[in-house]
Amino acid sequence: RKETIPSKKEEQDAFSKVKPIIKKIQDSIPHADAVIGGSGAKGTWLKTFDVDVFVMFHYKDYEKRSAELSDILGKALKKKFRSVQRLHGSRDYFRIADNGITFEVIPILKISKAAQAKNITDISPLHTKWVRKHKKLADEIRLTKHFCKANNLYGAESYIRGFSGYVCEILTIHHGSFLKLLKAAARWKEATVIDVAGYYRKKNVFLEMNRSKLVSPLIVIDPVQHDRNAAAALSPEKFSHFILKAGEFLSAPSIGFFREKSWDREELKKEHRGKKIVMIHLAPLEGKDDIVGSKMMKVYEFLEQQAGRHHFTALYSDWQWNRKDDASIAFVFGGKPLPPTIEREGPPLFARQHVEKFRKLHKEVFTRGKRLYAVEPRPYTVPEALFADALKDNYVKERTSGARIEVL
């Protein structure tokens, strides 16, 4: 708990740095209300957290000007801060750095009920209000978040597709504690429905809600917005991994489940002794983490496809990115190179026109049964040679600012 839950002093130190910046933002735009948002407002923040500031524009005055909020806020911030970065989202928001802290400043409409929202971000303060009703469970929620973060399960961004902070909050509140959540998760099946507010208690949610919102393996009904699945971004892989880790923790509880793991070269070599480990380091582009991360994830998927296409079977593969440094991809292959030649299947012998064309295309042709085959030099016998060429592809260059290979 000491590693997860901030002490009173840590809390005071953090907010003493945050308050002057919020005041500075407030001073820049007096006709709106600047307040801390996200986990900071809910009291569920971890020892390291991003600071969200919501700038709330009064509904009565700005209901019909929702599309202008980003422009209005952007002009105001530039008068008070030296560096203001505009980031694209469902409604554009801003990133500023001050006093050694990075803030994300989000313009929203100040609403009292979800139906008034003009944008999904408008509902965020309603989430805060709901979570704050259960502040006795704040430390239990922190344990859930820390557990997810340490096991690469935290975040709903497109390159992660895990458990968002809000979903962690809903699940912990629904079950009553971190431990009770893990015990329940160990029994989860696909299409498990969590409806903490009981909107669909006597109804079939699969008949009541839009099917497109129910494709995730876990359905978590938003307690402040009955027609929204808060876990819609959750992938089957992260769902299964959470169940696995919950079972492992319950079998043998350990502080290790709360410690973030990054690849250690010596540990990788020890774990995969006698195998070939190829690591690829990707330098991220500038921009919004979600977009930058998504592009690097596509590079990882591209390299996986290239390996499969050239008959390299990965015994293990994964990628990591901490949003600060370069991303790392790890592939583990068998230690031996592939044979120098590869056999290509040709047309059946009765297809004369195709047979003639096949013979012209290939030097070394032979017959097996009723079909032609050819023997060709294999383009790549070791995976690092394939990856070296793949990283020169425009597909990779457009999605990173650089890449390098390391063979362990």
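One entry in (i) -0.74; (ii) -0.57; (iii) -0.45 is log10 I(q)/I(0) by the Debye sum over Cα atoms at q = 0.08 Å⁻¹ calculated from the shown coordinates; its label is (ii). Summarised in one figure, the compactness ratio Rg/Rh of the stretch 310-395, Cα atoms and Kirkwood Rh, is 1.17.
Given their separation in residues at 0.36 nm each and the Cα-Cα distance between them, Arg404 and Gln116 gain 98.8 nm when the chain is fully extended. In a DSSP loop and with at most 10 other Cβ atoms within 10 Å, the trypsin sites (Lys or Arg not before Pro) in the stretch 199-228 are Arg201, Lys202. Across Tyr373, Tyr154, Tyr166, mean-square fluctuation computed from a Gaussian network of the chain (C-alpha pairs under 10 Å connected) peaks at Tyr373. Between Phe366 and Thr341, residue separation times 0.36 nm minus the direct Cα-Cα distance comes to 7.6 nm.
Build a GNM of the chain with springs between Cα atoms under 10 Å: which of Phe358, Phe239, Phe81 gets the top mean-square fluctuation? With Cα springs under 10 Å in the chain, the top fluctuation among Phe358, Phe239, Phe81 is at Phe358.
GNM on the chain, alpha-carbon springs under 10 angstrom: the most fluctuating residue among Glu376, Glu157, Glu356 is Glu356. Sorted fewest first by neighbouring Cβ atoms within 10 angstrom, Tyr62, Tyr199 come out as Tyr199, Tyr62.
Seen through its C-alpha gyration tensor, with square-root eigenvalues sorted a ≥ b ≥ c, the stretch 1-131 comes out oblate because a/c lies at 1.5 or above while a/b is not bigger than b/c. FRET efficiency for the pair Lys19 and Leu349, taken as 1/(1 + (r/R0)^6) with r the Cβ-Cβ distance and R0 = 60 Å, rounds to 0.15.
Taking every C-alpha pair closer than 8 Å and separated by at least 6 residues, the mean separation divided by the residue count of the stretch 328-408 gives a relative contact order of 28 percent.
With respect to the chain, whose longest principal axis is taken over its alpha-carbon atoms, helix 165-175 is tilted by about 80°. In the chain, helical runs assigned H by DSSP with n ≥ 4 each contribute -39500 (n - 2.57); averaged across all residues and rounded to the nearest 500, the mean residue ellipticity at 222 nm is -11000 deg cm²/dmol.
If R0 is taken as 25 Å, the Cβ-Cβ distance between His311 and Ala252 corresponds to a FRET efficiency of 0.05.
With the highest mean first, a sort of the peptides 279-285, 401-407 on other beta-carbon atoms found within 10 angstrom per residue produces 279-285, 401-407. The relative contact order of the chain, computed from alpha carbon pairs under 8 Å that lie at least 6 residues apart in sequence, is 11 percent.
Fully extending the segment from Ala283 to Lys397, taken as 0.36 nm per residue of separation minus the present Cα-Cα distance, adds 40.0 nm. With N the number of residues in the stretch 173-283, Rg(Cα) / (2.2 N^0.38 Å) evaluates to 1.42. Against the chain, whose longest principal axis comes from its Cα atoms, helix 69-80 is set at around 80 degrees.
A short reminder: the numbers here are calculations on the coordinates, not readings from a lab. Here the structure is a predicted model, which is why all the values come from computation and not from measurement. A quick note on method: Cβ atoms are made from the backbone with ideal geometry, for glycine too, and the neighbour counts reach across all protein chains shown.
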